[in-house]
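Data block below; observations after.
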Amino acid sequence: MSYNLNNEDGAVNVSQQVIEVIAGAAVKETAGIAFTQDDSKLQEKHMVKLVKVENTDGEITVNLSVYVKYGESIVKAASKVQERIVQDMENMLSFQPKAVNVRVVGLLTA
């Protein structure tokens with residue numbers, strides 16, 4: 001699936017995988033958050049499977065499941081990754097997702 005992003009110069013077509021990679025990279029670059037217990041070996045093709053992008057009436061929602069480092073504030077860590085994803089999408093695609101839903105599925109204990 002792809003998304004049309006219209007601007008004053010015309011339309012830009014962006015594939016769903018590009019949005020998934022942007023969100024996945026934001027997770028990997030946010031301290032205290034990870035997709036798995038050991039993200040060091042996580043490749044892009046596996047990372048995008050952990051990010052789900054939905055398009056409802058032209059608005060994009062990003063859903064992802066993550067682990068948070070033990071001892072971190074779960075709410076603050078989830079908020080940091082949400083803000084990072086929104087910021088990266090604004091910078092790279094010039095639009096904001098309707099929502100970024102973060103599901104915390106476990107704690108990083110090592």
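All of the numbers you see were taken from the coordinates with simple rules; none came from a lab. As the structure is a computational prediction, the values presented were derived from the model and not from experiment. Ideal geometry is used to build each Cβ from the backbone, glycine not excepted, and the neighbour counts take in all protein chains shown.
Data for the structure
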{"item": "Extension reserve of the N55-L5 stretch, reckoned as 0.36 nm per residue once the Cα distance is removed", "result": "16.8 nm"}
{"item": "Sparse-neighbour loop sites [trypsin sites (Lys or Arg not before Pro); the range 55-100; at most 15 other C-beta within 10 Å; DSSP]", "result": "K98"}
{"item": "Under-5 Å amide H pairs with F35, H placed in peptide plane, nonlocal only", "result": "Y67"}
{"item": "Long-range HN-HN contacts of V104 with modeled amide H, under 5 Å", "result": "V66"}
{"item": "Charge dipole (debye, nearest 20) of the chain; +1 at Cβ of Lys and Arg, -1 at Cβ of Asp and Glu", "result": "540"}
{"item": "Fewest-first sequence of E20, E59, E72 by Cβ atoms within 10 Å of each Cβ", "result": "E59, E72, E20"}
{"item": "In the chain, lysine pairs closer than 25 Å at Cα, eight or more apart or cross-chain", "result": "26"}
{"item": "Where labels lie 7 Å past Cα in the beta-carbon direction, separation of Y70 and V14 in nm", "result": "3.8"}
{"item": "Antiparallel %, DSSP beta bridges [both residues in the chain], to 5", "result": "60"}
{"item": "Angle between the chain longest axis and helix 74-93 axis [Cα atoms, degrees, rounded to 10]", "result": "30"}
{"item": "Label assignment, Kirkwood radius over Cα pairs in Å derived from the structure, set (1) 14.3; (2) 15.1; (3) 17.4", "result": "(1)"}
{"item": "Cβ-defined net charge surrounding V104, 13 Å radius [Lys, Arg +1; Asp, Glu -1]", "result": "+3"}
{"item": "Taking M89, M1 and counting other C-beta atoms within 10 Å, the order from fewest to most", "result": "M1, M89"}
{"item": "Under-5 Å amide H pairs with F95, H placed in peptide plane, nonlocal only", "result": "E90"}
